[in-house]
There are 4 protein chains.
Amino acid sequence: MTIGVIYGGTRVKGNTETLTERVIQDLPVEKIYLKDYEIKPINDQRHVQGGFEEVNDDYNIILNRVLSHDILLFATPIYWYSMSGTMKLFIDRWSQTLKDANYPDFKDVMSSKKAYVIAVGGDSPLLKGLPLIEQFQYIFDFIGISFEGYVLGQGNKPNAILQDEQALVIAEQIHRSLKQQVN
Amino acid sequence: MTIGVIYGGTRVKGNTETLTERVIQDLPVEKIYLKDYEIKPINDQRHVQGGFEEVNDDYNIILNRVLSHDILLFATPIYWYSMSGTMKLFIDRWSQTLKDANYPDFKDVMSSKKAYVIAVGGDSPLLKGLPLIEQFQYIFDFIGISFEGYVLGQGNKPNAILQDEQALVIAEQIHRSLKQQVN
Amino acid sequence: MTIGVIYGGTRVKGNTETLTERVIQDLPVEKIYLKDYEIKPINDQRHVQGGFEEVNDDYNIILNRVLSHDILLFATPIYWYSMSGTMKLFIDRWSQTLKDANYPDFKDVMSSKKAYVIAVGGDSPLLKGLPLIEQFQYIFDFIGISFEGYVLGQGNKPNAILQDEQALVIAEQIHRSLKQQVN
Amino acid sequence: MTIGVIYGGTRVKGNTETLTERVIQDLPVEKIYLKDYEIKPINDQRHVQGGFEEVNDDYNIILNRVLSHDILLFATPIYWYSMSGTMKLFIDRWSQTLKDANYPDFKDVMSSKKAYVIAVGGDSPLLKGLPLIEQFQYIFDFIGISFEGYVLGQGNKPNAILQDEQALVIAEQIHRSLKQQVN
């Protein structure tokens with residue numbers, strides 16, 4: 001069992017990353033910072049003759065790294081009450097991969113994975129972050145991933161998340177659960 | 001009262017645009033196709049000394065067009081149960097504009113506007129599109145826009161939306177309401 | 001195909017009933033006014049030896065009427081952002097029926113039915129009524145009912161619903177759909 | 001600062017009560033078991049001449065006890081994805097109290113209170129319990145109560161909640177927060 005962390009944020013050592021560190025701790029993980037890659041918006045060609053054109057960007061590089069792990073942590077700051085645009089660009093492109101002859105078993109592979117969501121926002125995330133969680137539920141249901149848990153943290157200024165005791169105890173608890181799974 | 005339509009989709013004459021046409025009909029509107037512009041992901045520098053660096057893309061061009069209208073139609077296909085990544089990139093950047101000395105009254109200007117959401121998806125949008133509507137509610141509440149109404153339509157294949165009679169009657173009803181406002 | 005209407009409201013000719021009349025019009029329906037019956041709160045005895053004790057109230061009378069129809073309209077005022085307590089009492093008791101030897105095929109029978117929800121509230125029902133719709137989705141998913149549609153109307157004072165043009169056009173559209181099904 | 005616990009469940013020592021005990025521990029609280037009282041469904045007479053008739057049941061007894069506390073814990077099993085019908089009957093009646101000349105400052109008094117929600121369900125409460133949390137948010141916003149936190153636990157069979165480690169750590173964390181407030 002290996003763990004991949006998909007970071008949607010843009011700040012280095014932002015609150016989302018700090019909270020995610022509490023989840024990871026000493027576990028071996030691969031960290032994928034989406035902001036370091038170019039991901040073009042999907043061009044919806046599902047119903048165009050010939051289908052999707054190949055896109056010249058870094059999406060498949062990221063995808064291959066994601067596909068190689070058993071457990072995925074989706075770690076995103078809450079921007080405007082949902083995942084970052086960067087993370088959304090990445091997920092939107094799954095629609096293309098679902099039609100991509102080079103990934104014939106994309107859905108099958110995804111549906112063997114487990115996922116956790118780690119999301120930090122400044123405006124009442126425990127309440128106003130709930131639609132985001134519902135969307136992840138629908139996303140994971142569609143692609144077949146098992147939604148194992150989530151933690152919503154509060155924080156705006158750097159390190160503010162360290163004051164959110166509830167988020168920290170949930171992060172610890174997810175850590176313990178992950179530790180059991182990877183050992 | 002003038003109307004601006006912000007399109008988040010990537011397909012020409014897709015279902016979202018077709019449904020939006022039923023809302024607009026003969027009303028004069030400005031159509032803004034986000035896909036025709038370059039919008040870079042936000043780089044969260046709210047807490048960096050010196051604040052946000054200027055970004056070299058088309059965001060401000062779009063923003064200026066949006067700010068000039070009294071009524072905004074946010075028209076987006078539902079990709080993975082929320083707005084398109086392209087539209088999310090645009091909205092994420094509002095956080096930068098809120099700190100931008102060139103737009104000191106951004107929030108004030110926005111809070112004089114009215115908005116409608118038009119969203120079309122293939123997987124039970126009347127149920128699985130509800131978190132998206134809740135997010136728009138939070139977005140509009142934060143920035144001060146009055147959320148006047150929405151229509152969720154069903155459709156995947158080109159023109160499928162024309163079979164969604166409920167969406168069409170709601171679009172007609174929003175049209176009548178807009179017509180009264182702009183006259 | 002026969003239609004049963006389950007009314008959760010307490011007002012005679014309230015807004016919910018008025019909106020429901022627009023859905024029904026000339027169609028033959030059986031109207032079940034829950035307020036006219038005694039429904040005791042469920043006593044959760046799922047894990048008690050001997051199981052549920054028989055309850056001396058009108059629940060089974062209502063249940064039998066509900067079970068006899070193919071299409072169910074759940075018509076409830078929105079009290080405090082969800083269905084009326086009266087309607088909730090009725091649905092809570094389904095847990096008992098699921099264990100009731102007198103109704104061995106309760107879930108099977110329910111899962112052949114179609115349902116619509118008609119709900120009217122005074123405080124932004126198109127936004128704040130969405131959690132209620134999500135709950136009905138979960139309820140129907142659990143019991144196997146097909147959730148065919150819903151209309152959320154706005155109104156507080158008597159007949160205020162007649163000003164909610166969008167709710168009225170949706171009610172009309174549901175009416176047309178029902179008419180096709182029962183003919 | 002005193003604490004009142006409003007129990008909506010029907011089982012003695014059910015999972016909701018067990019989880020609530022982890023929140024309370026050694027703190028002095030008053031426990032109000034709604035099932036031990038008679039609460040009649042509201043009869044919506046807001047728009048009737050003369051207004052609400054007096055109701056002959058135990059509602060005002062409960063209300064007076066609730067009003068006497070600074071911090072309220074709403075502890076309910078999740079029945080059919082929302083609060084128990086019993087708890088809903090109690091909250092529905094607030095509409096009557098809002099018009100009751102004997103409680104002229106009902107809303108004022110309520111708006112000085114803080115509340116927590118403790119809810120336990122058997123079917124994915126961390127996901128399918130979210131609409132319930134959103135409803136409590138709307139309820140508390142309307143009446144002016146400050147929504148301080150919540151814990152969603154999983155459990156069906158007696159004591160199953162003791163296996164839900166995440167719920168237990170959140171309960172502990174709420175306990176520590178309450179302890180600071182009452183001391």
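The values are calculated or read from the model by the stated rules, or taken from the named source; none is laboratory data. Predicted model, so just to flag it, every value in this text is computed and none were measured. Reconstructed Cβ throughout: ideal geometry from the backbone, glycine too, with neighbour counts over all protein chains shown. Just the protein is used for accessible areas: all its heavy atoms, side chains included, with ligands, DNA and RNA removed. Shrake-Rupley method; radii C 1.70, N 1.55, O 1.52, S 1.80 Å.
Chains C and D: how much accessible area gets covered up at their contact, both sides added, probe 1.4 Å, in Å² to the nearest hundred? Mind showing how you got there, number by number?
On the way: alone 9590 and 9630 Å², together 15980 Å².
Using a 1.4 Å probe, the pair buries roughly 3200 Å².
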The rounded separation in angstrom of the Cα centers of the range D:125-181 and the range B:104-169 is 30
For A:LYS40, the lysines lying under 24 Å Cα to Cα, once residues fewer than eight places off in the same chain are dropped, come out as A:LYS31, A:LYS88, A:LYS99, A:LYS107, B:LYS13, B:LYS31, B:LYS35, B:LYS40, B:LYS88, B:LYS157
Here, A:HIS47 and D:HIS47, labelled 7 Å along Cα→Cβ, have an inter-label distance in nm of 4.3
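Based on the Cα atoms of the range B:1-86, what semi-axes does the equivalent ellipsoid have, where each is the square root of 5 times one gyration tensor eigenvalue, given in whole Å with the largest first? Present the calculation step by step, with values, prior to reporting the outcome.
Numbers: eigenvalues 149, 54, 22 Å².
So the three semi-axes of the range B:1-86 are 27, 16, 10 Å.
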For B:GLY50, inter-copy label-point distances (7 Å, Cα→Cβ), nm, shortest first, read 4.5, 7.6, 7.8
Taking Cα atoms, the helix A:15-24 axis meets the longest principal axis of chain A at an angle in degrees (rounded to 10) of 90
Label model pair B:GLU165, A:SER124: point-to-point distance (7 angstrom along the Cα→beta-carbon line) in nm is 3.9
Comparing each residue of the range B:1-44 in the complete protein assembly with the chain by itself (heavy atoms, probe 1.4 Å, ligands and nucleic acids ignored), those losing at least 50 Å² of accessible area are B:THR10, B:ARG11, B:ASP44
Using alpha-carbon coordinates alone, the radius of gyration and Dmax of the protein assembly as shown in Å work out to 25.8, 73
Label model pair B:GLN25, B:GLN180: point-to-point distance (7 angstrom along the Cα→beta-carbon line) in nm is 1.4
Distances in nm between the label point of B:LYS99 (7 Å along Cα→Cβ) and its equivalents in the other copies, shortest first, are 3.9, 5.1, 5.7
So, for the Cα atoms of the range C:3-182, Rg and Dmax in Å stand at 16.2, 54
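Can you give the helix-only mean residue ellipticity at 222 nm for the protein assembly as shown, where every DSSP H stretch with n ≥ 4 adds -39500 (n - 2.57) and the sum goes over all residues, rounded to the nearest 500 deg cm²/dmol? Please list the in-between numbers first.
Values: 32 runs with 288 residues, N = 732.
Value at 222 nm, helices only, nearest 500: -11000 deg cm²/dmol.
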For the range B:1-126, whose charge dipole is built from +1 on Lys and Arg Cβ atoms and -1 on Asp and Glu Cβ atoms, the candidate among B:TYR79, B:TYR37, B:LEU67 with its Cα farthest towards the positive end is B:TYR79
Over the range C:61-183, with neighbouring protein chains present, the accessible area per residue in Å² at probe 1.4 Å is 34
Looking along the axis that carries chain D onto chain B, the residue of D whose Cβ comes nearest, with distance in whole Å, is D:GLU134, 4
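With the full set of protein chains in place, find how many percent of the accessible area of the range C:12-143 is carbon and sulfur; take the probe as 1.4 Å.
Of all accessible area on the range C:12-143, carbon and sulfur atoms account for 46 percent.
Across the residues of D:54-64, average count of Cβ atoms on other protein chains within 10 Å? Numbers along the way, then the final one.
Working: counts 0, 0, 0, 0, 0, 0, 0, 0, 0, 0, 0.
Mean shielding count: 0.
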To the nearest 20 debye, the protein assembly as shown has a Cα-centred charge dipole, built from +1 on Lys and Arg Cβ and -1 on Asp and Glu Cβ, of 0
Applied in sequence order to the range A:111-126, the curve 6.51 cos²θ - 1.76 cosθ + 1.60 (Karplus, θ = phi - 60°) yields integer Hz couplings, x standing for Gly and Pro, of 6, 9, 9, 10, 9, 10, 10, 10, 9, 10, x, x, 10, 6, x, 5
